[in-house]
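Reading through the structure tokens given below for one structure.
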Amino acid sequence: MTAGPTREPFDPARFISNPSTGRMGFALAAEAIRRGGEVTLICGPTHLETPPGVHLVRVSTADEMFRAALNQAPGVDLVLKAAAVADYRPEVRSPGKIKKDVLLADRAILLRLLPTPDILEEIGRRKKPGQVLVGFAAETGDLEANALRKLLKKNLDLIVANRIGQEGEGFEADTNRALVIDRHGKKTDLPLMPKEAMAAAILDLAEPLLAAGAGQPGGRSTRRTAS
Ligand code: C5P
């Protein structure tokens, strides 16, 4: 499992990030442990307490999360990618703090941003028989179309899509509301509920897929989870 934001620094004192708190991913990790899973949680910077029993791997940048996730992915049955990975990082990272008085005459600073690797897309490309991949999509519009596009592009089994910028949903909220779509196009609406209940609802949808995967030739044999 992955959770939280990533930070993309351009000097030792400044970075680009997003408001993700990691609550959804931590709730998923706790729920998977309750269900008997063996959980590795790769998380970006967050102040949340580690749920008992979870193997926590702390990272900061998207590149670090990429390496940690690709390292874990081959050995797990279920991947839940709740992290809000920064899509861009500054091209240049200054070793020293950029001083205000050396900035350009108009006091503007130009940052060229480069894309970060898409971790889930790479895991989807390397997906093993029987593995179940669950992605998340935080959208401001066209929720269903964007979610479907990501489901296909990243070779996912399930996508959990929620709106951002709405009261009680997405970043920094204790509650969430989501549209879940599976690889056959089946849709499930999850109404507004606490993130802990949402975690249980998501695992209720993922578990039958895991059970189906276990029966496939070359499918998994043990029960391990990474969210
Ligand atoms: O950012 P995007 O909407 O494409 O995110 C959809 C899914 O892909 C999420 O599950 C997110 O964790 C994952 N993702 C990723 N690496 C990225 C961007 C997104 O794994 N660089």
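Okay, here's what the table says:
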item	result
Selection status of residue 116, among the hydroxyl-bearing types (Ser, Thr, Tyr) and within 21 Å of residue 42 (Cα to Cα)	yes
Among (1) closer than 21 Å to residue 23 by Cα; (2) modelled with pLDDT under 95; (3) open to solvent by 10 Å² or more (accessible area, probe 1.4 Å) - the single one residue 227 does not satisfy	(3)
Elements of type strands (runs of 3 or more DSSP E) contained in segment 32-128, each with 1 or more residues being surrounded by fewer than 21 Cβ atoms within 10 Å (Cβ to Cβ) and of a type in the set (Ser, Thr, Tyr)	88-90
Residues being farther than 27 Å from residue 94 by Cα and not charged (D, E, K, R) - total across segment 4-53	20
Residue list for segment 147-172, restricted to those being free of Cβ contacts under 8 Å to residues at least 24 places away in the same chain and farther than 23 Å from residue 128 by Cβ	149, 166, 167, 169
Residue that is nearest to residue 122 (Cα to Cα) [pool: residues in segment 147-192 that are more than 16 Å from the ligand (Cβ to nearest atom) and of a type in the set (Val, Ile, Thr)]	188
Segment 9-31 - residue that is hydrophobic (A, V, I, L, M, F, W, C) and more than 30 Å from residue 203 (Cβ to Cβ) and, of those, most open to solvent (accessible area, probe 1.4 Å)	15
Segment 1-16 residues that are free of Cβ contacts under 8 Å to residues at least 24 places away in the same chain, paired with ones that are open to solvent by 10 Å² or more (accessible area, probe 1.4 Å) and outside any loop (DSSP other than H, G, I, E, B) (beta carbon under 8 Å, 6 or more apart)	15/9
Residues (in contact (Cβ under 8 Å) with a residue 40 or more places away in the chain, over 17 Å from residue 43 (Cβ atoms) and within 10 Å of the ligand (Cβ to nearest atom)) located in segment 66-88	88
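The values are calculated or read from the model by the stated rules, or taken from the named source; none is laboratory data. These numbers were taken from a predicted model, which means no experiment stands behind them. FYI the Cβ positions are ideal-geometry reconstructions off the backbone, even for glycines, and counts take in every protein chain you see. Accessible surface areas use protein heavy atoms only, side chains included; no ligands, DNA or RNA. Shrake-Rupley method; radii C 1.70, N 1.55, O 1.52, S 1.80 Å.
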